[in-house]
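Single-structure report; data block below.
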Ligand code: PHE
């Protein structure tokens, strides 16, 4: 037997086999086939015993060297396969840095939230606390303690959603006035604003909604006067509509204030000259206000001979509509992003 010839043949066969191998698993099989325990090369060792002793070392060495060569060939193939695999992976995962990136649209707080925050900011700067109350309210706090006993005709001004005989969805934020005065026990001054959602049985249209937002204000102290109210409202008007605004108070009626007023601000579009926005009057109504009625103070535990107060309530949607020329209140509630995104930026 010519061992060198056999090895040569095996080597050619190995090279051929390796050429066709593309996967590491397949390489394992080739390895077992050519240098494993049962490989022809290993089996050649069996012939050793038939050789004369002096030839045995050379024979063994030849086979061992062949094994090493075969091993090196297999290793080289392994490296080629791994390199190819890596090259492929890199190719597949190549990032084209010149492509435009994905674009993310940044959200924005809702306009009503922003206006409320602006009003809160203004009042907190003047030392007011922000108070909130429940949207499901008792008839007693929503009406009775605000000087609106049952059967009072002014209850019709605020058509209500009753849940039971004594509970309703609050029709205004004024019950938070009562809640706070009761909490303070008639013993200390009050200076609060109360933002929140209110409900009325209105038919929805461009200027009415069965649900909307108000911000209420209440100040009760021993020397609170109408001029304090006027100064405060002027500050609100300037803050929301610009430094040049003026206000006027028109006598009105609310059961919980006496005297009561509707408050108008000079039209920011025509500066008071008259235009279509203010219906040629030069003024736009922005809120209701007045001096807290003695009955309200007394019902909430305040001694009306010692304390006086003023209160006001404004509709947040109305302020937003006037400020931004929004023509339909329903825009606030449908969550059309084309609307919402027009009010990006600014505070909060
Ligand atoms: N609560 C009144 C309303 O909703 C507004 C208001 C509040 C008026 C406080 C005067 C004083 O119509």
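The values are calculated or read from the model by the stated rules, or taken from the named source; none is laboratory data. Since this is a predicted model, take the numbers as computed values, not measurements. All Cβ positions, glycine included, derive from the backbone under ideal geometry; neighbour counts span all protein chains shown.
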Within segment 172-199, considering residues that are assigned to a loop (DSSP other than H, G, I, E, B) and within 14 Å of the ligand (Cβ to nearest atom), the one farthest from residue 136 (Cα to Cα): 174
The lone exception for residue 202 - which of (1) outside any strand (DSSP E or B); (2) over 28 Å from residue 302 (Cβ atoms); (3) within 16 Å of the ligand (Cβ to nearest atom); (4) in contact with a helix residue (DSSP H, G or I) (Cβ under 6 Å, 6 or more places away or on another chain) it fails: (4)
Any hit, segment 31-42, residues being more than 30 Å from residue 82 (Cα to Cα) and part of a helix (DSSP H, G or I): no
Leading residue by the ranking (farthest from the ligand (Cβ to nearest atom)) among those in segment 254-273 that are assigned to a loop (DSSP other than H, G, I, E, B), at pLDDT 90 or above and surrounded by fewer than 22 Cβ atoms within 10 Å (Cβ to Cβ): 273
Among residues of segment 153-167, those that are more than 14 Å from the ligand (Cβ to nearest atom) and loosely packed, with under 14 Cβ neighbours inside 10 Å, counted: 6
Residue count, segment 306-327 (criterion: in a strand (DSSP E or B) and farther than 16 Å from residue 198 by Cβ): 3
Conditions (1) surrounded by 15 or more Cβ atoms within 10 Å (Cβ to Cβ); (2) at pLDDT below 95; (3) assigned to a helix (DSSP H, G or I): number failed by residue 284: (3)
Residue selected from segment 137-152 under the condition more than 14 Å from the ligand (Cβ to nearest atom) and assigned to a helix (DSSP H, G or I), by the criterion nearest to residue 296 (Cα to Cα): 144
One residue from 109, 100, 134 being touching a residue at least 60 places away in the same chain (Cβ under 8 Å), assigned to a loop (DSSP other than H, G, I, E, B) and farther than 30 Å from residue 30 by Cβ: 109
